[in-house]
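No value in this document is a laboratory result; all are computed from the given coordinates. Computed from a predicted model, the values in this text were never measured in an experiment. Heads up, the Cβs are rebuilt from the backbone with ideal geometry, glycines too, and the neighbour counts pull from every protein chain shown.
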Ligand code: ASP
């Protein structure tokens with residue numbers, strides 16, 4: 001029997017230490033700690049890695065601080081379109097949803113696709129009809145409304161109607177370019193959420209969930225619901241990403257980490273470093289959390305901050321927003 005290991009993230013981004021009040025930092029870290037310890041307690045009690053990452057991500061989705069589920073950001077049409085994915089490293093079973101709205105916990109929807117359909121990824125109305133038929137919980141649009149998120153949309157549109165913004169982030173991406181254009185007057189972070197876990201039987205799993213980018217075009221699909229990009233798990237490693245999806249998709253970040261370990265014999269730390277370097281070289285911002293079958297954890301990022309909490313084989317919960325990944 002292995003010691004359980006778990007890590008969660010609440011998004012990478014550009015929140016400088018100076019921009020975050022001590023009260024806000026405490027609020028984030030307390031919520032990250034509460035969620036990590038509760039999912040870890042389930043793992044320690046014997047639940048599997050898939051259930052543990054589902055629990056952790058569902059709790060992060062219920063917390064309005066993060067850009068997923070309840071805290072999802074607005075599209076350019078002032079609607080919500082959420083993405084989520086989950087993967088079981090034992091079997092390579094995977095499920096994902098994209099461009100859904102009203103779904104209370106998109107990670108549970110992704111899990112339903114994994115366990116109760118013959119498909120991996122379901123999109124939009126057809127996906128929602130399938131989920132309703134299964135009794136997956138929906139909430140009215142008011143549940144997802146937040147004045148702060150709406151103000152973010154108005155601020156992004158005011159600067160440039162085509163400008164997409166990472167949740168509260170200081171960097172925006174013009175629609176026709178993959179090159180980041182800095183807008184230092186914005187403060188913030190990326191708020192996508194995710195979890196990776198190794199359970200007592202040594203099985204790995206990963207899950208990721210997001211509202212995407214503020215002011216994104218309706219129909220835009222990021223890395224989060226794409227297996228191998230923003231979420232990946234096999235017998236070697238489990239990975240959950242956060243950052244500008246357009247970069248993570250092209251680098252197949254999640255799969256690349258596991259592939260480097262499998263094909264090159266790289267350690268998790270080496271694979272993570274190489275993939276983060278490639279992301280940086282391409283001009284992408286973000287980070288990821290990953291665990292391997294030995295229970296090693298990495299949480300690297302190339303942004304100023306990444307909200308994160310982790311519990312390694314020593315059983316101690318640690319949280320951080322800034323510093324080294
Ligand atoms: N990766 C997400 C997306 O591109 C955004 C994020 O991580 O904040 O949709």
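Please tell me the relative contact order of the chain in percent, rounded to the nearest whole number, where contacts are Cα pairs under 8 Å and at least six residues apart. Averaging sequence separation for qualifying contacts and normalising by length gives 26 percent for the chain.
Would you mind getting me the FRET efficiency between residue 78 and residue 263? Use the beta-carbon distance for r and R0 = 51 Å, nearest 0.05. It comes out at approximately 0.70.
Structure remark: mean-square fluctuation, Gaussian network model of the chain, C-alpha springs under 10 Å; the largest value among 223, 27, 256 belongs to 27. Mean residue ellipticity, 222 nm, helices only, the chain: the sum of -39500 (n - 2.57) across DSSP H runs of n ≥ 4, divided by residue count and rounded to 500, is -10500 deg cm²/dmol.
Extent along the principal axes, Cα only, for the range 1-143: 50, 46, 22 Å, with the longest axis given first. The equivalent ellipsoid that matches the C-alpha gyration tensor of the range 47-130 spans semi-axes of 21, 16, 8 angstrom, in descending order.
Rounded to the nearest angstrom and listed largest first, the equivalent-ellipsoid semi-axes of the chain from its Cα gyration tensor are 27, 22, 19.
Report the gain in length on full extension from residue 320 to residue 30: 0.36 nm times residue separation, minus Cα-Cα distance, nm rounded to one decimal. Mind showing how you got there, number by number?
Numbers: separation 290, 0.36 × 290 = 104.40 nm, distance 1.05 nm.
Length gained, residue 320 through residue 30: 103.4 nm.
Springs between Cα atoms under 10 Å define the GNM used for the chain, and in it the highest mean-square fluctuation of 274, 110, 58 occurs at 274.
Just the Kirkwood number for the range 217-303, please: inverse of mean 1/r across all distinct Cα pairs, in Å, one decimal.
Numbers: mean 1/r = 0.0799 Å⁻¹.
Kirkwood radius, the range 217-303: 12.5 Å.
Calculated on the alpha-carbon coordinates, the convex hull of the range 1-56 measures out at 85 cubic angstrom per residue.
Comparing Cα centroids, the range 82-127 and the range 8-42 end up 25 angstrom apart.
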